[in-house]
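Everything below concerns the one structure shown next.
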There are 2 protein chains.
Amino acid sequence: MPAVPTDPADRPLAPEVADLLRRDPDGLVAAVVQQHDSGEVLMLAWMDDEALHRTLTTGRATYWSRSRNEYWVKGETSGNRQWVRDVRLDCDGDALLVLVDQEGPPCHTGERSCFHRPLVAAEGSAS
Amino acid sequence: MPAVPTDPADRPLAPEVADLLRRDPDGLVAAVVQQHDSGEVLMLAWMDDEALHRTLTTGRATYWSRSRNEYWVKGETSGNRQWVRDVRLDCDGDALLVLVDQEGPPCHTGERSCFHRPLVAAEGSAS
């Protein structure tokens, strides 16, 4: 009989959470990341069950990188870490809202949010 | 020589905007929808070029419904309309942030946000 791991991070995602997820064909759900106090939307990333489990159990936001095909602990390389304050699932189960405390800029461009390119002006000027 | 449509909504998405999008295999980008003043994240939906174009030119948030395979003007049936204040693209072009003024509840459950199911407690109680 195998021993039950004592560290929650070593156990899989709780079935009552896993049952709520409606994953895309790649097994992923979208994760909207928001600064918990200012309300600023920082970025959008992707999680599979294991990334969500690590996020919930370690307190560090962990994603699945679709370009590199690997888990990615935000800030592990850059130092711009995300400390998880809350995680909420949407009504149809295919998107998460991850409330974090962001260290430094979340975007690789150095911007305070990855959503820094305005489109309304661009479309307006073209019409 | 065809006449140039005078109504911007009748013209396609401006090429300088379309060129910035990095669409998924279904031609879609994710759209994070946020209440412009409170900062509350309301929902996640999907847009193709045409939905984005309609959103930018009509001022009413318009999405592509992946379940119904049709365009969907938010609030057209429920009356819970979204008036667009700003649209921003993220650094890698696969997600939009749509800042809106939301009339009534955005969620079909009547909640003030679609992200109303907490997961931290669920995972914690299972460990």
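The values are calculated or read from the model by the stated rules, or taken from the named source; none is laboratory data. Computed from a prediction, not measured in an experiment: that's the story for all the values here. Cβ: placed from backbone, ideal geometry, glycine included. Neighbour counts: every protein chain shown.
Among the residues making up region A:21-39, a single one is surrounded by fewer than 21 Cβ atoms within 10 Å (Cβ to Cβ) and in contact with a Lys or Arg (Cβ under 7 Å, 6 or more places away or on another chain): A:36. Restricted to region A:97-120, and to residues that are loosely packed, with under 15 Cβ neighbours inside 10 Å and in contact (Cβ under 8 Å) with a residue 12 or more places away in the chain, which residue is nearest to residue A:52 (Cα to Cα)? Filtering region A:97-120 for residues that are loosely packed, with under 15 Cβ neighbours inside 10 Å and in contact (Cβ under 8 Å) with a residue 12 or more places away in the chain, the one nearest to residue A:52 (Cα to Cα) comes out as A:101. Is it the case that residue A:23 is of a type in the set (Lys, Arg) and not in a helix (DSSP H, G or I)? Here the answer is yes, as residue A:23 does meet what is asked.
The set of residues in region B:76-105 that are more than 7 Å from chain A (Cβ to nearest Cβ) and within 20 Å of residue B:29 (Cα to Cα) comprises B:82, B:83, B:84, B:85, B:92, B:93, B:94, B:96, B:98, B:99, B:100.
So that you can scan it fast, the table gives a plain yes or no per residue for (1) without any contact (Cβ under 8 Å) to a residue 12 or more places away in the chain; (2) within 16 Å of residue B:93 (Cα to Cα):
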site	(1), (2)
B:24	no, yes
B:28	no, yes
B:32	no, yes
B:38	yes, no
B:42	no, no
B:45	no, yes
B:48	no, yes
B:78	no, no
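Regarding region A:40-60, can at least one residue be identified that is of a type in the set (S, T, N, Q), modelled with pLDDT of 95 or more and not in a helix (DSSP H, G or I)? Within region A:40-60 (the criterion being of a type in the set (S, T, N, Q), modelled with pLDDT of 95 or more and not in a helix (DSSP H, G or I)), the answer is no, since none of the residues qualifies. The listed residues are A:54, A:66, A:88, and the only one of them that is free of Cβ contacts under 8 Å to residues at least 24 places away in the same chain and surrounded by fewer than 24 Cβ atoms within 10 Å (Cβ to Cβ) turns out to be A:88.
Hey, among A:117, A:11, A:60, A:22, which residue is more than 14 Å from the chain's Cα centre (by Cα) and more than 10 Å from chain B (Cβ to nearest Cβ)? Walk me through how you get there before you give the answer.
Numbers: A:117 fails: more than 10 Å from chain B (Cβ to nearest Cβ); A:11 fails: more than 10 Å from chain B (Cβ to nearest Cβ); A:60 fails: more than 14 Å from the chain's Cα centre (by Cα).
Step by step, each of A:117, A:11, A:60, A:22 is checked, and only A:22 is more than 14 Å from the chain's Cα centre (by Cα) and more than 10 Å from chain B (Cβ to nearest Cβ).
The set of residues in region A:91-118 that are part of a loop (DSSP other than H, G, I, E, B), closer than 16 Å to residue B:34 by Cβ and hydrophobic (A, V, I, L, M, F, W, C) comprises A:114, A:115. Scanning region B:69-85 for residues that are modelled with pLDDT under 95 and charged (D, E, K, R) turns up just one, B:76.
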